[in-house]
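Working notes, structure below.
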Amino acid sequence: YVYLEHSYYSVLTLDLLARYLNLGNISDTNINTTALTNYVLSHAVETTDELYFQPTYCTEAEDSLEILETTYQSLAILKLVNESLIDPQKIKNYAESCLIYSNLEELYLVYKINELLDLGMFFNSTLVRNLILNTYSTSLHSFYRTRDKFYVPQASLSWVADMSVSLGLIINDTQIPLVSIENPLNQSYHAWQTPSLVFHVNETYLDAVYL
């Protein structure tokens, strides 16, 4: 089976290569963007208020996280090949309905959709911070997906780093003693004012994400 996720990573890779080789963007290559657009739109579910993208192998009741991820990937593709087909308000309505601050991965995907389309969504910094604190594992020095602490996604540290910098959250808390955001130039800063922050694990140095 060819899943939309495969198309997402393929398109991003091809667009990166096209720009690196000075070939323009992906629309300037020989890729059939019409076929790609039609394939993405075949996953669209549109109501009077919302627009999202649902993979063919699941239903809304089965996996809302999968639908949210597919929606982000679909929007990323459409933004590259045919942004005019995106209805920002309906997408925003859908994203806001998913913003419940109980799942770190869902929160990050909503954050990325907002960033991708510049939707101007409001994120409650207190609820974001509480979720981050409540999903942190002191034994694993990483973040669970949810508060029940059942599964640790490999990319969870990078999600927290990305949101912490962009949303102005400085996660340097006694409840998370190993995690902080540092300025490599040792200058005073605000987290939302510099792109050159390094988010890392202080004592073990197991991971680093450069933003």
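The values are calculated or read from the model by the stated rules, or taken from the named source; none is laboratory data. All values derive from a computational prediction rather than experimental measurement. Counting neighbours? That spans all protein chains shown, and the Cβs are built from the backbone with ideal geometry, glycine included. Please note that ligands, DNA and RNA were not included when accessible areas were found on the heavy atoms of the full protein model with its side chains. Shrake-Rupley method; radii C 1.70, N 1.55, O 1.52, S 1.80 Å.
Only one of these conditions is not met by Y144: (1) at negative phi; (2) surrounded by fewer than 16 Cβ atoms within 10 Å (Cβ to Cβ). Which number is it?
Of the numbered conditions (1) at negative phi; (2) surrounded by fewer than 16 Cβ atoms within 10 Å (Cβ to Cβ), the odd one out for Y144 is (2).
Which of the helices (runs of 4 or more DSSP H) contained wholly in segment 26-123 include at least 3 residues that are open to solvent by 60 Å² or more (accessible area, probe 1.4 Å)?
Hits in segment 26-123: 33-41, 88-97.
What pairs come up if the first residue lies in segment 139-158 and is farther than 10 Å from L104 by Cα, the second is of a type in the set (D, E) and in a loop (DSSP other than H, G, I, E, B), and their beta carbons are under 8 Å apart, counting only those six or more places apart or on different chains?
Here the result reads L157/D207, each pair linking segment 139-158 to a residue that is of a type in the set (D, E) and in a loop (DSSP other than H, G, I, E, B).
Counting just the residues of segment 1-44 that are of a type in the set (G, A, S) and without any contact (Cβ under 8 Å) to a residue 40 or more places away in the chain, which one comes out farthest from L85 (Cα to Cα)? Explain how you work it out, then say what you get.
Here is the first cut: in segment 1-44, the ones of a type in the set (G, A, S) are 7, 10, 18, 24, 27, 35, 42, 44.
Filter once more, keeping what is without any contact (Cβ under 8 Å) to a residue 40 or more places away in the chain: 10, 18, 24, 35, 42, 44.
Working: S10: 20, A18: 23, G24: 21, A35: 14, S42: 13, A44: 11 Å.
Among those residues, the one meeting the criterion is A18.
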